[in-house]
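**Student:** Structure provided below as structure tokens; questions to follow.
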Amino acid sequence: MERNVVDLHIERTKGRIEELLPIRYQRILESPFTHFRGAAGVMATDLGAQNSTKLNIQICGDCHLMNFGGFATPERNIIFDINDFDETAIAPWEWDIKRLAASFTIAARHKAFSKTKCKEIAETVVTSYTKNMRKYAKMSALQVWYEDISFEDMIKSGNDSLSQKLDQKRLEKASERTPHEKEFEKMTEVNDGKARILDNPPLIYHLEDSKQEAFLHRTENAFLRYIESLPDDRKILLENYKIQDVAVKVVGVGSVGTWCGIILLLSDSGDPLFLQFKEAYQSVLTPFTAKSEYAHHGQRVVNGQRLMQSASDIFLGWTSDDSGRHYYVRQMRDAKIKPVIETMNYKNLVHYANSCGWALAQAHARTGNAAAIAGYIGKSDTFKKAIGRFSLIYSKQNNKDYHALLTAVEKGTIKME
């Protein structure tokens, strides 16, 4: 029985903030590529219906090319890695490869590259993943654990001098930031001596009057629970800060409508700290694989991230609000460097595909299954060719799904107001 993409999207929005759903669909319907970004649940349904290798490890779960980038480690080095784990779960390792390769094909089609070039870019992901997985398979578990990909090394691995110069400038800009000070200047105002987050509706906003007071109270209670999820040294560090304000913040594409927000904290000496909280649901993969060992979805996200990332945010933790909703918490915009697909030519996109394949191999290798995965792939190019074909086929399916959702909006099945 063929799945109904419209029904899958509607199912995914149950329990979300209804007034934000038009923004969700607006973002998803910008292009087939943005639809793919917001359709992790749709692809999970498709992957779950296919045969798998049965080699289950901790995977990202929403492994597309926009969920990679640069960010600062606790030591203030800038590394390149996966940076989104909302859907992380124990599942077949190749599901991440399929979603990542398909995302490159769909992005390449969006940029009007030829079918041949789209397939080549998808195969580049697999080639890089395979090469690096074989390398990690020969290393000890401890050596793999200590590995990371510096943003500097990622830049050097390319062969386009102009792109390298642009990336180097972005790296220098990210490295020179004093954490949270620029955000404080841009995102806050001071009224009656008290700092407050600036409203930028509908993307950042406070609730009305008494609702905002209740929201702040719930946030303060959830913050106390969040602190309990942190190591003792981070608890002591946060004792220096006090909550000043909280606001709702719309994030992502598929995540729009979930309860997400930012918390402004200040130390006694006036140093700012922005924390971002994001509602955590059951992973879209769970119906098609093993149930998570974590009853708390925020804890599932946090522990999956800590396992797969070579370095995680020092304030990464989880909590629940008074109504029982699950969240995870992290710093906001900590020297983050995002990919800019719009400016990439074919050579740039190939280099980025190589970098993402490398980062995914490292993340998977940290689970201790590098030798098993490398052995499954083997020495031939059979796996690479299969993923290349899959990516082209899935690009067509995604395009069909995009137009089906567009039709549902035109017919009024999905409301945009």
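Here's the yes/no breakdown for (1) out of contact with any Gly (no Cβ under 9 Å at 6 or more places or on another chain); (2) over 30 Å from Arg234 (Cβ atoms):
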{"residue": "Ser323", "(1), (2)": "yes, no"}
{"residue": "Ile337", "(1), (2)": "no, no"}
{"residue": "Thr343", "(1), (2)": "yes, yes"}
{"residue": "Leu360", "(1), (2)": "yes, no"}
{"residue": "Lys379", "(1), (2)": "yes, yes"}
{"residue": "Ala386", "(1), (2)": "yes, yes"}
{"residue": "Asp401", "(1), (2)": "yes, yes"}
{"residue": "Val409", "(1), (2)": "yes, yes"}
{"residue": "Lys415", "(1), (2)": "yes, yes"}
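**Student:** Do we have any residue at all in the range 256-273 that's farther than 25 Å from Leu216 by Cα, under 15 Å from the mean Cα position of the chain (by Cα) and of a type outside the set (D, E, K, R)?
**Tutor:** No.
**Student:** Only residues that are more than 21 Å from Leu316 (Cβ to Cβ) and either part of a helix (DSSP H, G or I) or at pLDDT 95 or above (or both): list them for the range 286-303, please.
**Tutor:** Thr286, Pro287, Phe288, listed by residue number.
**Student:** Additional query: Go through the range 1-47 and report how many residues are farther than 20 Å from Glu410 by Cβ, surrounded by fewer than 18 Cβ atoms within 10 Å (Cβ to Cβ) and touching a Ser or Thr at 6+ places or on another chain (Cβ under 9 Å).
**Tutor:** 4
**Student:** So, of the residues in the range 174-233 that are of a type in the set (S, T, N, Q) and touching a residue at least 12 places away in the same chain (Cβ under 8 Å), which turns out to be farthest from Gly324 (Cα to Cα)?
**Tutor:** Taking the candidates together, the pick is Ser175.
**Student:** Filter the range 234-251 down to residues that are touching a residue at least 40 places away in the same chain (Cβ under 8 Å) and under 26 Å from the mean Cα position of the chain (by Cα) and give me whichever is surrounded by the most Cβ atoms within 10 Å (Cβ to Cβ).
**Tutor:** Residue satisfying both the conditions and the ranking: Val246.
**Student:** Follow-up. Take Thr367 and decide whether it is surrounded by fewer than 22 Cβ atoms within 10 Å (Cβ to Cβ) and either modelled with pLDDT under 95 or under 17 Å from Cys118 (Cα atoms) (or both).
**Tutor:** Yes, satisfied.
**Student:** Hey, another quick one. Hey, can you tell me all the residues within the range 317-344 that are within 14 Å of the chain's Cα centre (by Cα) and in a loop (DSSP other than H, G, I, E, B)?
**Tutor:** Answer for the range 317-344, where residues must be within 14 Å of the chain's Cα centre (by Cα) and in a loop (DSSP other than H, G, I, E, B): Met332, Arg333, Lys336, Lys338, Pro339.
**Student:** Right, next: Can you list residue pairs whose Cβ atoms sit under 6 Å apart, with the first residue in the range 341-354 being closer than 18 Å to Ser31 by Cβ and the second being assigned to a helix (DSSP H, G or I)? Count only pairs 6 or more apart in sequence or on different chains.
**Tutor:** Close Cβ pairs (under 6 Å, with a partner that is assigned to a helix (DSSP H, G or I)) amount to Ile341/Ala107; Leu349/Ile121.
**Student:** If you scan the range 389-403, which residues turn out to be crowded, with 16+ Cβ neighbours inside 10 Å and either more than 21 Å from Phe113 (Cβ to Cβ) or β-branched (Val, Ile, Thr) (or both)?
**Tutor:** none
**Student:** Restricting attention to the range 265-285, which residues are among the hydroxyl-bearing types (Ser, Thr, Tyr) and not in a loop (DSSP other than H, G, I, E, B)?
**Tutor:** Taking the range 265-285 as the starting set, the residues that turn out to be among the hydroxyl-bearing types (Ser, Thr, Tyr) are 267, 269, 281, 283.
Residue satisfying the conditions is Ser267 alone.
**Student:** How many residues does the range 90-126 contain that are more than 19 Å from the chain's Cα centre (by Cα) and more than 21 Å from Gln362 (Cβ to Cβ)? Spell out the reasoning first.
**Tutor:** Of the residues in the range 90-126, the ones more than 19 Å from the chain's Cα centre (by Cα) are 108-124, 126.
Those left that are additionally more than 21 Å from Gln362 (Cβ to Cβ): 108-120.
Within the range 90-126, residues that are more than 19 Å from the chain's Cα centre (by Cα) and more than 21 Å from Gln362 (Cβ to Cβ) number 13.
**Student:** Additional query: When the residues of the range 381-417 are filtered to those that are acidic (Asp, Glu) and either in a helix (DSSP H, G or I) or under 24 Å from the mean Cα position of the chain (by Cα) (or both), which remaining residue is modelled with the highest pLDDT?
**Tutor:** Looking at the filtered set, the residue picked out is Asp401.
**Student:** Please specify each residue of the range 77-106 satisfying the condition of being in contact with a strand residue (DSSP E or B) (Cβ under 7 Å, 6 or more places away or on another chain), among the polar types (S, T, N, Q) and closer than 26 Å to Cys118 by Cβ.
**Tutor:** If the condition is that a residue be in contact with a strand residue (DSSP E or B) (Cβ under 7 Å, 6 or more places away or on another chain), among the polar types (S, T, N, Q) and closer than 26 Å to Cys118 by Cβ, then Asn83 is the only one that fits.
**Student:** Filter the range 50-74 down to the residues that are farther than 17 Å from Met308 by Cα and without any contact (Cβ under 8 Å) to a residue 24 or more places away in the chain, then identify the one that is surrounded by the fewest Cβ atoms within 10 Å (Cβ to Cβ).
**Tutor:** So the residue we want is Asn51.
**Student:** May I pose another question? Please go through (1) touching a helix residue (DSSP H, G or I) at 6+ places or on another chain (Cβ under 9 Å); (2) surrounded by fewer than 17 Cβ atoms within 10 Å (Cβ to Cβ); (3) at pLDDT 95 or above; (4) outside any helix (DSSP H, G or I) for Leu230 and return the number of the only condition it doesn't satisfy.
**Tutor:** Against the list (1) touching a helix residue (DSSP H, G or I) at 6+ places or on another chain (Cβ under 9 Å); (2) surrounded by fewer than 17 Cβ atoms within 10 Å (Cβ to Cβ); (3) at pLDDT 95 or above; (4) outside any helix (DSSP H, G or I), Leu230 comes up short only on (2).
The values are calculated or read from the model by the stated rules, or taken from the named source; none is laboratory data. Just so we're clear, the structure is a prediction, and the values are computed from it rather than from any experiment. Glycine gets a Cβ as well: all are built from the backbone with ideal geometry, and neighbour counts include every protein chain shown.
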